Amino acid sequence: MVQRGFGGPLRYVQGPGVLADLGQYAAGLGNKALLLVDAFVEKTYGDGLRASLKSAGVETVSTIFGGESTEAEVARVATLAKGAAVVIGVGGGKTLDTGKIAARDAGARIITVPTIASTDSPTSSIGVIYTEDGVYVRVERCYRNPDVVLVDSDVILKAPARFLAAGMGDALSTWYEARSNFESRSNNYIADGYAVTIAGAQIARACHEVLMRDGLNAWEAAKAGCLTDAVENIIEANTLLSGLGFENCGVSGAHGIHDALTILEPTHHFFHGEKVAFGIICLLVLENRERAEIHEAVTFCHALGLPVRLADLGLADISAADLLRVGEEAMKPTNVIHSVHRSLSARSIADAIRSADAIASRLLLSGR
């Protein structure tokens, strides 16, 4: 019998106003913290965060995130974190990834506080390293999930709705990619990999169901600045369900194509979840899924303003040679696309990308 594994954060707390509770959660982990924040977060919430920590008796050193989760940035933050009991990352996915890896290297505990619901990074035990120019380099495993994930839905709602939509693009990949891993019998990302638990599989499926039920209503409410049950459900789906789903089941072609597309400069202007959304269409084509399923994904993503065609990513005039380069990048042994239960080549990946673009274009033109 194979060994099964499941992992997740120690605590997940979501709701309006929970940002003010940061101090009490940090104090439970130690009395000295490194606070890593985005520049915008520092300006908007920095004083309040430090006040909460001070009132709880937590000594705090603050630093502003450099903008990319590079090896150099991780090393800088890890050096600052030496002697701290806990690293607190507040901001977007790359800030949180940097905080997680730096905490690992410094031997500290970790709290993640996402200020946008655009990725499923906050709950996971892995972080992604990029170059200074935003090109994907590799995944780093931290071998422990965050001790606390604190999600203030009022803060999330104040961010542009585009971030919430990007998070839905990332979350939408969860079930499709979990299915890829089930079919290829690939291990998940718990420690060095285990077979999927029933719990992990059901969480991935639930993520998809919540997106289909509440996604468009949440999108409209968020654009109007309204915190509804649908918005809260989508924040949870984007952050917790997707985070637990991908880590406990694995990712595949949608993220593999995302990672490969980062070699093309025009894609650097798009969010992670936006590129993943297009990658989903490519994955469904690569796996030769039913047209109705492709149609559902295209329609859902397009309604949220997510990219479903090459032109939507600034790649309307991409050459066959550049598309083949993307395929070659995706075929690197470390790319997660190899969890797809198909015989792959650079050309088959390039052809799937071109075909996905054609299918999505036709669907949007004709409605069928």
Suppose we keep just the DSSP beta bridges with both residues in the chain; what percent of those would be antiparallel, to 5? 15 percent
What is the extension gain from residue 226 to residue 3, computed as 0.36 nm multiplied by their sequence separation minus the C-alpha to C-alpha distance, in nm to one decimal? 75.8 nm
Tilt of helix 272-286 relative to the longest C-alpha principal axis of the chain, in degrees (0 to 90, nearest 10)? 30 degrees
Give the lysines reachable from residue 223 as a straight Cα distance under 20 Å; neighbours fewer than 8 places away on the same chain don't count. 158
Along each principal axis of its Cα atoms, how long is the chain end to end? Whole angstroms, biggest number first, please. 60, 44, 43
For the chain, the per residue accessible area (1.4 Å probe, Å²) is 40 Å²
Would you pull out the residues with amide H under 5 Å of residue 126's amide H, same chain only if 5 or more places away, H placed 1.01 Å from N? 142
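What's the carbon and sulfur percent of the chain's accessible surface, probe 1.4 angstrom, rounded to a whole number?
Values: 7620 of 14710 Å².
Looking at the chain in its full context, I get 52 percent from C and S.
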Long-range amide H partners of residue 12, meaning residues 5 or more apart or on another chain whose placed amide H is closer than 5 Å, are 149
Taking the Cα atoms only, what angle lies between the long axis of helix 161-184 and the longest principal axis of the chain, rounded to 10 degrees? 70 degrees
Integer Hz, Karplus 6.51/-1.76/1.60 couplings in order for the stretch 240-247, x for Gly and Pro: 8, 5, 5, x, 5, x, 6, 6
Expected vector for the stretch 322-334, Karplus 3J(HN,Hα) from phi with 6.51, -1.76, 1.60 and θ = phi - 60°, integer Hz, x for Gly and Pro, equals 5, 5, 5, 4, 4, x, 5, 5, 5, 7, 4, x, 7
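Give the total of Lys-Lys pairs in the stretch 1-129 with Cα-Cα distances below 17 Å; include a pair only if its members are 8 or more places apart or on different chains.
Values: 32/54; 32/82; 32/100; 82/100.
Counting lysine pairs in the stretch 1-129 gives 4.
The values are calculated or read from the model by the stated rules, or taken from the named source; none is laboratory data. The structure presented is a predicted model; accordingly, all values stated were derived computationally and were not measured. In case anyone asks, the SASA skips ligands and DNA or RNA and just uses the protein heavy atoms, side chains included. Shrake-Rupley method; radii C 1.70, N 1.55, O 1.52, S 1.80 Å.
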